[in-house]
Amino acid sequence: MNLEVIVAQPLLKANEELAGQNRNRLNRGGITTVNLISAPGAGKTTLLEKTIGALKNLFSIGIVEGDIYTTFDSERLAGQGVAVVQINTYGGCHLDAQMVAQALERLPLAKLKLLFIENVGNLVCPAEFDLGENCKVAILSVSEGSDKPKKYPLVFQEAEAVILNKIDLLPYTDFDLAAAKEQLKEIKNNLVIFPLSAKTGEGMEAWVEWLKDKVSQTEKSSATG
Amino acid sequence: MHETALIAEVLKTVRQSALENNLPKVTKIKLAIGKLSMALPEALIFAFQVLKKGTICEEAELEIESKEIILQCLDCTQEFRSQDYNFSCPFCARSRIKIIQGRELHIISFEGEENELGSNCGSTLIKSQ
Ligand SMILES: Nc1nc2c(ncn2[C@@H]2O[C@H](COP(=O)(O)OP(=O)(O)OP(=O)(O)O)[C@@H](O)[C@H]2O)c(=O)[nH]1
Ligand SMILES: [Mg+2]
Ligand SMILES: [Zn+2]
């Protein structure tokens, strides 16, 4: 006879549990963790290079570098004197909490104050997978077109801040900065938006200050909690 | 894009539960997929057709219940449906919101045929676990 079994189980349950463990571990260590998400080539690695340059003398920084096959990005960052761990997903289109848990084993967590996770270049799947970060930051570059927020709303809804990168290219594109900001605000009113150029450095200060603020907030809460 | 991985997870979970419930053959699987989740129903069905081969779900059909996006405004506490991915509150125009429904990626239930020797012959029974 036919029997119906109620399962009522989230498909990503295993990932959510592991992400929770990562989060506890990172919070206990007073580490601020930022999950960087963007389409391929929006400028995650370039932004990291510049950000590290501005912050590495203030506190120690770790990087988890997600990439499908190559180690090019972690080679770029390893030259900067920060702890870099590479994860290759071999075709996988996003990082998951299990991969990050393994990467944490290879990082000097006791020393770190700030950890960046460069997710695999993709605006779709990474939004769905909690890694245990404190916040997600989405990067949209002006060469991608200003309709992206409405096309990929989940990532922008999940993000705490959005970087509009490559503003040095604005004169050469039809990207409408005001319209993009408005669309982002419709998705999430309290999004923090940083228009900047990781290449020229224009607009970087506000982003760097925001990160410093995050780091001191995490330090305070791990000291009291 | 990760629909294949999701379906692999469905097949794994259902297989385990079916064996525990003494169901050697699965005939139907029901999923709830939120409209805000980035999983496409067509891609899920395609992945299911491919991956179910040679498993106890080989003859099963996949039923997908699509879940509308329902949001709650954190400023005025009203609940509303999102139109066209607009997340601002129609009551107070702000958009600090909580997602009530629409992010689902859930297995709701599955149906299977019992072993001849099973003790529940003759009736369809709903079991929770
Ligand atoms: N003009 C301009 N180019 C930029 C800027 N930021 C990055 N780029 C260029 O964009 C290209 C891609 O940058 P990456 O930093 O590698 O982008 P990514 O997001 O890390 O790419 P993947 O890891 O492959 O997804 C490189 O050629 C960069 O030099 C910017 O602000 N302005
Ligand atoms: Mg990169
Ligand atoms: Zn409201």
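Here are some notes:
- Residues of segment B:26-46 classified as surrounded by fewer than 16 Cβ atoms within 10 Å (Cβ to Cβ), in contact with a helix residue (DSSP H, G or I) (Cβ under 8 Å, 6 or more places away or on another chain) and either over 20 Å from A:LEU154 (Cα atoms) or not hydrophobic (A, V, I, L, M, F, W, C) (or both), total: 1
- Flag: A:ALA159 matches the condition of being within 14 Å of another protein chain (Cβ to nearest Cβ) and more than 16 Å from ligand 2 (Cβ to nearest atom).
- Restricting attention to segment A:137-152, the residues that are outside any strand (DSSP E or B), within 14 Å of chain B (Cβ to nearest Cβ) and touching a helix residue (DSSP H, G or I) at 6+ places or on another chain (Cβ under 9 Å) add up to 5.
- Residues that are out of contact with any Lys or Arg (no Cβ under 9 Å at 6 or more places or on another chain) and closer than 17 Å to A:LYS44 by Cβ, drawn from segment A:180-199: A:PHE194
- Tabulated pairs, segment A:27-43, first open to solvent by less than 10 Å² (accessible area, probe 1.4 Å), second at pLDDT below 95 and within 9 Å of ligand 2 (Cβ to nearest atom), C-beta under 7 angstrom, 6+ apart or interchain: A:SER38/A:GLY121
- Total residues in segment B:73-91 satisfying the condition of being closer than 30 Å to B:GLU42 by Cβ and either of a type in the set (Lys, Arg) or more than 10 Å from chain A (Cβ to nearest Cβ) (or both): the figure is 4.
- Pairs where the first residue, in segment B:47-58, is open to solvent by less than 30 Å² (accessible area, probe 1.4 Å) and the second is outside any loop (DSSP other than H, G, I, E, B), C-beta under 6 Å, 6+ apart: B:ALA47/B:GLU3; B:ALA47/B:THR4; B:ALA47/B:ILE7; B:PHE48/B:ILE7; B:PHE48/B:LEU62; B:CYS57/B:LEU11; B:CYS57/B:VAL26
- Screening segment A:6-57 for residues that are within 13 Å of ligand 1 (Cβ to nearest atom) and small (Gly, Ala, Ser) and picking the one that is nearest to the other protein chains (Cβ to nearest Cβ) gives A:ALA39.
The values are calculated or read from the model by the stated rules, or taken from the named source; none is laboratory data. Since the model is a prediction, treat every value here as computed from it, not as a measurement. No Cβ is skipped: glycine too gets one built from the backbone with ideal geometry, and neighbour counts run over all protein chains shown. Each accessible area value is taken on the protein alone, full model and side chains, heavy atoms only, with ligands, DNA and RNA left out. Shrake-Rupley method; radii C 1.70, N 1.55, O 1.52, S 1.80 Å.
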